[in-house]
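So the structure is just underneath, and the comments pick up after that.
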Amino acid sequence: MAEDFKEDVLEKNIIKTSALTKIYKVGEVEVPALREVDLNINEGEFVAIMGASGSGKSTLMNLLGCLDKPTSGDYFLDEYNTSKLTPNEYAAIRNQKIGFVFQGFNLLPRTTALENVELPLMYDRTHRIKNPIEKAIQSLERVGLGDRMHHVPNQLSGGQMQRVAIARALVNEPSIILADEPTGNLDSRTSVEVFSVFQELNEEGITIILVTHERDFAMFAKRIVELKDGRIIKDAMIKNRLNAKEELKKIKEEIETQEHGVN
Amino acid sequence: MHVKNILKVAFKSILKSRMRSLLTALGIIIGVAAVVVMVAIGDGAQQQVENQIASLGSNLIVITPGISMSGGVSRGMGSFNRFTFDDVQKIKDEAIYINGVSPLVRSGGQIIGGVGNWFTQVQGVSADYLNIRSWKLASGEFFTERDVMARQKVCLLGSEVAKNLFPNDDPIGQQVRIRNVPFKIIGVLKEKGQTSVGTSNDDIILAPSRTVHERLSGGRFISSIQVSALTPAQIPRAKEELRRIMREAHKLGQGEEDDFTIQDQADLAEAATETSKILTILLGSVAGVSLIVGGIGIMNIMLVSVTERTREIGIRLSIGARASDILIQFLTEAVVLSLTGGILGVLLSFGVAYLLNNYTSQAANIKPQIIFLAFGFAGAIGIFFGFYPARKASQLNPIDALRYE
């Protein structure tokens, strides 16, 4: 009994969708992008959503991120039924419950890393966080960019830019972090570095939803949800999960042996 | 977002493309400067008119033929010219609140004498005229009432005429021929400067009224009667008295309207001020149009800016900005742009007014109200023309905005 209770607390549903459907209208033709998807995600999970292009994974991502509204079905985020919210409440949900990490980084140009990270706090009308600048600095330090705070995006490498974006996603202490192809623009070593940041954050208890089409990167998650034609065709825990730190070590060793080989 | 942050972002994006912002603001700068300068010129002109009328001699009362504007069927100003020398004589005999009366008989033409010839106006007046207008003599003397009655062919030259016909020698005692009638010059008037309507009071010849009437104007009627009241305070009583005398002289019965108009300097000033007020409004409106054109420039550039920054808008929306946050952001930018233009425009107008006042004869008088008005107008234009682009920005769909390349 006691154990069951404990399980209950640990496995708190943070995302619950029921019959979530999205239909796009292209002229007269109706194109269903998502068909009655039921998906539950618990707090502390690291879920990779996979699928070919056109499978509906981006649509699902947009709906989970409250960037778009479903045609039908319900989506509960924390205790909110998002289909009943006004546009302003929608904005507040995006601001407080969700942290986005995009493929193209989407940082404001000519704006320092610190100011970029601070941005979500400026739109927070609840002012939960008392000292925005300090919080933004903490957030940057957490992704290992404490020494790059005053650099503008074009002075940063791709990996660094994505880490700034992660810091920005973290700064408002969201319920979930949504990462849409976060390493799509990065080389494989930098990608692994970024995933090591994600894994670290997940170990600290942050729920992460990753959208990717690369199985190699999906293996860093704990659970894979695979979509096809707008439906979930596979939902399984990952057995032989990869550890990004170890992978990074391997890559370094490989480089070293190559260099030794040259010498 | 805090006001501080909104302003910070607004200034940042304005300063990001300095040249473009400057050119956009230039529309407002020119518009505001044009409004302020045009209205200042109008006000300056009005003040000049007022000053000149005040300098005419405040006791002056002018009776012109034609009915006054009050009610009834108008026969048109000056349409029924009935002033005679008897009217003037009757005023001279009966009025007690006046210290001078003179008919004004207008004529003009080519004047020959001295070093050449000159075209000017000739005014036939009485011996009182100099005092009525409070003009001064530079040399010589004025004619007497006896000269008038005797139709003496004597005249006085305005300073401008004297300068042109007798640049080197003293004109007094010499002869000029006015439309082939020889007149003896007995005096020269002191320089007085321009009148409110731009003609010169110095480009003039004065001669006895009856002489001008019979020899030059061909027996036409007197165009006006000029009277001076004893003191400025006596003007209302003098006007009353003149009206009674004129009605008697013209044998107007009860119920018949006056066939003349009596005006003092206050009336004239009012009419002149009215004219320059209309001028001010007209100039200001034309300049206002340029301000509106400047506003359209702002709208144009804000629309470009919204398109360019679609991705930024998407980012802001995705991290929790409300549509209203985006609206206010872009509206603030438009207003900052137009108000900055407003400030620079006011500064520019001060510069132009300084140049006008110091290097031209055109007076420009910048009133504080017009600065606030132009400034407020610039701000209003920022809001009005900034609203559409800002609204367009705020209604972007976050997904499309994020994907925008």
Yes or no: B:I298 assigned by TED's automatic domain parsing to the domain that holds B:A33 and closer than 30 Å to B:T332 by Cα? yes
Might you check whether a residue that is modelled with pLDDT under 90, within 19 Å of B:N59 (Cβ to Cβ) and assigned to a strand (DSSP E or B) occurs anywhere in the range B:229-246? yes
Among (1) within 14 Å of chain A (Cβ to nearest Cβ); (2) among the hydrophobic types (A, V, I, L, M, F, W, C); (3) under 29 Å from B:A33 (Cα atoms), B:A323 falls short only on (3)
Can you spot a residue in the range B:235-249 that is surrounded by 13 or more Cβ atoms within 10 Å (Cβ to Cβ) and either hydroxyl-bearing (S, T, Y) or closer than 30 Å to B:F377 by Cα (or both)? no
Conditions (1) touching a Leu at 6+ places or on another chain (Cβ under 8 Å); (2) surrounded by fewer than 21 Cβ atoms within 10 Å (Cβ to Cβ); (3) assigned to a helix (DSSP H, G or I); (4) away from chain A (no Cβ under 14 Å); number of the one not met by B:T340: (1)
Can you tell me which residue is farthest from the other protein chains (Cβ to nearest Cβ) among those in the range B:306-320 that are among the aliphatic types (A, V, I, L, M) and within 21 Å of B:I14 (Cβ to Cβ)? B:V306
Only residues in the range A:158-178 that are on the phi > 0 side of the Ramachandran plot count as the first member; pair them with residues that are of a type in the set (V, I, T) and not in a helix (DSSP H, G or I), Cβ under 8 angstrom, at least 6 apart or cross-chain, and list the lot. A:E173/A:I129
Which condition does A:M149 not pass, out of (1) of a type outside the set (G, A, S); (2) touching a residue at least 24 places away in the same chain (Cβ under 8 Å); (3) closer than 18 Å to A:P174 by Cβ, if it passes all the others? (3)
Determine which member of the set B:K192, B:K277, B:K251 is among the basic types (K, R), within 32 Å of the chain's Cα centre (by Cα), modelled with pLDDT under 90 and not assigned by TED's automatic domain parsing to the domain that holds B:T332. B:K192
Which of (1) over 28 Å from A:Y123 (Cα atoms); (2) within 14 Å of chain A (Cβ to nearest Cβ); (3) charged (D, E, K, R) does B:E405 not meet, given it meets every other one? (1)
Given the range A:5-112, what strands (runs of 3 or more DSSP E) lie entirely inside it while holding 2 or more residues that are within 14 Å of another protein chain (Cβ to nearest Cβ), at pLDDT below 90 and on the phi > 0 side of the Ramachandran plot? none
Out of (1) assigned to a strand (DSSP E or B); (2) modelled with pLDDT under 90, what's the single condition that is false for B:A207? (2)
Step by step: first the residues of the range A:149-177, then only those that are charged (D, E, K, R) and crowded, with 24+ Cβ neighbours inside 10 Å, then the one that is nearest to the other protein chains (Cβ to nearest Cβ). Which residue is that? A:R168
Restricting to the range B:359-402, count the residues that are more than 14 Å from every other protein chain (Cβ to nearest Cβ) and part of a helix (DSSP H, G or I). 27
Could you grab me the full set of residues in the range B:276-300 that are of a type outside the set (A, V, I, L, M, F, W, C) and within 18 Å of B:A364 (Cβ to Cβ)? B:S276, B:K277, B:T280, B:G284, B:S285, B:G288, B:S290
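So that you can scan it fast, the table gives a plain yes or no per residue for (1) at pLDDT below 90; (2) among the aliphatic types (A, V, I, L, M); (3) outside any helix (DSSP H, G or I):
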site	(1), (2), (3)
B:M19	no, yes, no
B:L23	no, yes, no
B:G27	no, no, no
B:V32	no, yes, no
B:G44	yes, no, no
B:V49	yes, yes, no
B:I53	yes, yes, no
B:S58	yes, no, yes
B:T64	yes, no, yes
Leading residue by the ranking (farthest from the other protein chains (Cβ to nearest Cβ)) among those in the range A:113-130 that are without any contact (Cβ under 8 Å) to a residue 24 or more places away in the chain and assigned to a helix (DSSP H, G or I): A:E115
Filtered residues of the range B:317-342 (kept if of a type in the set (D, E, K, R) and within 44 Å of the chain's Cα centre (by Cα)): B:E333
Give me the pairs, please: first residue somewhere in the range B:272-298 and more than 12 Å from B:V36 (Cα to Cα), second residue anywhere and of a type in the set (S, T, Y), beta-carbon distance under 7 Å, and either six or more positions apart or on two chains. B:A272/B:S196; B:G297/B:T24; B:I298/B:T24; B:I298/B:S338
Quick check, is B:I30 touching a residue at least 40 places away in the same chain (Cβ under 8 Å) and under 16 Å from B:I381 (Cβ atoms)? yes
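The values are calculated or read from the model by the stated rules, or taken from the named source; none is laboratory data. As the structure is a computational prediction, the values presented were derived from the model and not from experiment. Every residue, glycine as well, gets a Cβ built from its backbone with ideal geometry; the counts of neighbours run over all protein chains shown.
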